[in-house]
Amino acid sequence: MTTTTRSSRRRAMILVPTAAVLLLTAACGRSSESGAVSASGSQSGSAAASPACAEDAATALPALQPKGIVGKGPNGEPAASPDDVKISDADAAKIKAGNNGTPFKVALVFQFSGDWPNGQTKGLTDEFGKYGVQIISNTEANFKVDKQIANIENAIQLKPDGMVSIPVDDVATAPAYKKVSEAGIKLIFMDNAAKGLKAPTDYQSVISADSEGNGQVAAQKLACYIPQGGTVGIVDFGITFFVTNERTKGAKDWFAANRPDIKIKMGNFTDPNQAGDVAANFLTANPDVNGVWAVWDGPAEGVISALRAQGKNLPVTTIDLGDQAATDLASAENLKGVGAQRPYSQGVAEADAMMLTLIGKTVPAWIGVPALPVIQNSLRKGYQDSWGKPLPPKPEAACKTNEPKCA
């Protein structure tokens, strides 16, 4: 779910208590390339036996890339493509003309601050800027429902033409979002719609990463390192949240269909700041775990911190490509692959959908942004594709240390 201080969803520095770490054991903790298994589940003498397990991007990425959008929208909608909301020349002229000669104005209402909102904001800002649409407000709620409700209501008072937002809680915030449409403001959701609201009357579209597809990517890559009959630990967000639920569904469905020999054990956290503690305790209680799938990169950091403290070498995969995850992937010590979101491209698609609605057009109810497999050998390009900017200094330094595998 790309989704925490890092922020409670992405950027939290997750501290693993020393006592828990000292207890952490993993009986089958080797993640060497020998003894890897193919995606079909057969034991192999080399990870290269399965294209998805190859080290080079040219071989691995096509095998890891899902065929189209795997998931569906929050109300079961089939996916439309970002290409379905591209701006034509005729549309551009109408958008630039604004509302009776006044530039269109839009408010952004996020659930937290961090890498993911920043990537979204960059895509939104760049795309709106091409057509003269003004962002008049950009707020975050630190995952607090009351704060987000206040932010929504304050944004309504600014009388924007449109609002782009993601609910902290899709039930508790629904009445506030209902006020948006009642005020005549167009509403585009990121990732998930508020419960009970309907498109196109209450909102115009949900634009989301293919969370189920990203979960599948991370599962498929992790399977390369799990022996026949082995055990995978899933460190999951134990709260009903559409994006993270879809990621976990993608992973479980992939294992069931492609590696039914693998046993799944669950470790759930409810507070993202405690994900590292939960991971350490989970691994202590389950020494048979051969690898870990983490629901996003913040919890993955907690898992990796615990493993490093004990000198263990369990493979880890996750979803999202924050700067720390990029650094860990550059070294490939534990983190072996990522199903990344594309926050920049998602922001562009959200802006395009919003602008079309502002000139009276109907857009698809759900638009899916394709999953992005990233491995060590594709890190630089993967980061650029995800965030719309080059690899930052810290992961770049780690990548240079590990060239040519890191590319």
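The selection criterion, being at pLDDT 95 or above, more than 26 Å from Ser211 (Cβ to Cβ) and out of contact with any strand residue (DSSP E or B) (no Cβ under 9 Å at 6 or more places or on another chain), holds for Ala93. In region 165-258, counting only strands (runs of 3 or more DSSP E) that sit wholly within it, the ones holding 2 or more residues that are under 15 Å from the mean Cα position of the chain (by Cα) and either under 27 Å from Pro272 (Cα atoms) or in the same structural domain as Val109 (by TED's automatic domain parsing) (or both) span 205-209, 231-237.
Which one of these is assigned to a strand (DSSP E or B) and either crowded, with 21+ Cβ neighbours inside 10 Å or not assigned by TED's automatic domain parsing to the domain that holds Ile152 (or both): Ala52, Ala107, Ala63? Talk me through it step by step, then tell me what you get.
Numbers: Ala52 fails: assigned to a strand (DSSP E or B); Ala63 fails: assigned to a strand (DSSP E or B).
Ala107 is the lone residue from the list that is assigned to a strand (DSSP E or B) and either crowded, with 21+ Cβ neighbours inside 10 Å or not assigned by TED's automatic domain parsing to the domain that holds Ile152 (or both).
Inspection of region 32-52 finds a residue satisfying the criterion of being at pLDDT below 50 and at positive phi.
Lys159 fulfils the conditions (1) more than 22 Å from Pro272 (Cβ to Cβ); (2) touching a helix residue (DSSP H, G or I) at 6+ places or on another chain (Cβ under 9 Å); (3) of a type outside the set (Val, Ile, Thr) except for a single criterion, (2). Note on region 334-357: among residues that are aliphatic (A, V, I, L, M) and over 23 Å from Lys381 (Cα atoms), the one that is surrounded by the fewest Cβ atoms within 10 Å (Cβ to Cβ) is Leu356.
When Gln204, Gln157, Gln148, Gln216 are checked against the criterion of being of a type outside the set (Gly, Ala, Ser) and under 30 Å from Val292 (Cα atoms), a single residue qualifies: Gln216.
For region 123-135, check the following and say yes or no: at least one residue is surrounded by fewer than 16 Cβ atoms within 10 Å (Cβ to Cβ) and assigned to a loop (DSSP other than H, G, I, E, B). Scanning region 123-135 turns up at least one residue that is surrounded by fewer than 16 Cβ atoms within 10 Å (Cβ to Cβ) and assigned to a loop (DSSP other than H, G, I, E, B). Pairing residues of region 138-155 that are in a loop (DSSP other than H, G, I, E, B) with residues that are charged (D, E, K, R) and surrounded by fewer than 20 Cβ atoms within 10 Å (Cβ to Cβ), at Cβ distances under 8 Å and at least 6 apart in sequence or on separate chains, gives Ala141/Lys147. Among the criteria (1) more than 24 Å from Ala54 (Cβ to Cβ); (2) over 15 Å from the mean Cα position of the chain (by Cα), the one Glu396 does not fulfil is (1).
Of the residues that make up region 354-375, is at least one of a type outside the set (A, V, I, L, M), in contact with a helix residue (DSSP H, G or I) (Cβ under 9 Å, 6 or more places away or on another chain) and either part of a strand (DSSP E or B) or closer than 30 Å to Pro227 by Cβ (or both)?
yes
Of all residues in region 91-119, those that are on the phi > 0 side of the Ramachandran plot have Cβ atoms under 7 Å from Cβ atoms of residues that are of a type in the set (A, V, I, L, M, F, W, C), 6 or more apart or on another chain, in Gly98/Phe104. List the residue pairs whose Cβ atoms are under 6 Å apart, where the first residue sits in region 241-255 and is small (Gly, Ala, Ser), the second is crowded, with 20+ Cβ neighbours inside 10 Å and part of a helix (DSSP H, G or I), and the two are 6 or more positions apart or on different chains. Close Cβ pairs (under 6 Å, with a partner that is crowded, with 20+ Cβ neighbours inside 10 Å and part of a helix (DSSP H, G or I)) amount to Gly250/Glu212; Gly250/Gly215; Gly250/Gln216; Ala251/Gly215; Ala251/Ala219.
I'd like to check something: does region 304-319 contain any residue that is crowded, with 24+ Cβ neighbours inside 10 Å, of a type in the set (D, E, K, R) and under 29 Å from Asp385 (Cβ atoms)? No, that holds for no residue.
Suppose the filter is polar (S, T, N, Q), surrounded by 21 or more Cβ atoms within 10 Å (Cβ to Cβ) and over 30 Å from Ala92 (Cβ atoms); does Ser378 pass it? It is true that Ser378 is polar (S, T, N, Q), surrounded by 21 or more Cβ atoms within 10 Å (Cβ to Cβ) and over 30 Å from Ala92 (Cβ atoms).
The values are calculated or read from the model by the stated rules, or taken from the named source; none is laboratory data. Just so it is clear, the structure is predicted and the values come from calculations on it, not from any experiment. When we count neighbours, we look across all protein chains shown, and the Cβ atoms used for this are built from the backbone with ideal geometry, even at glycine.
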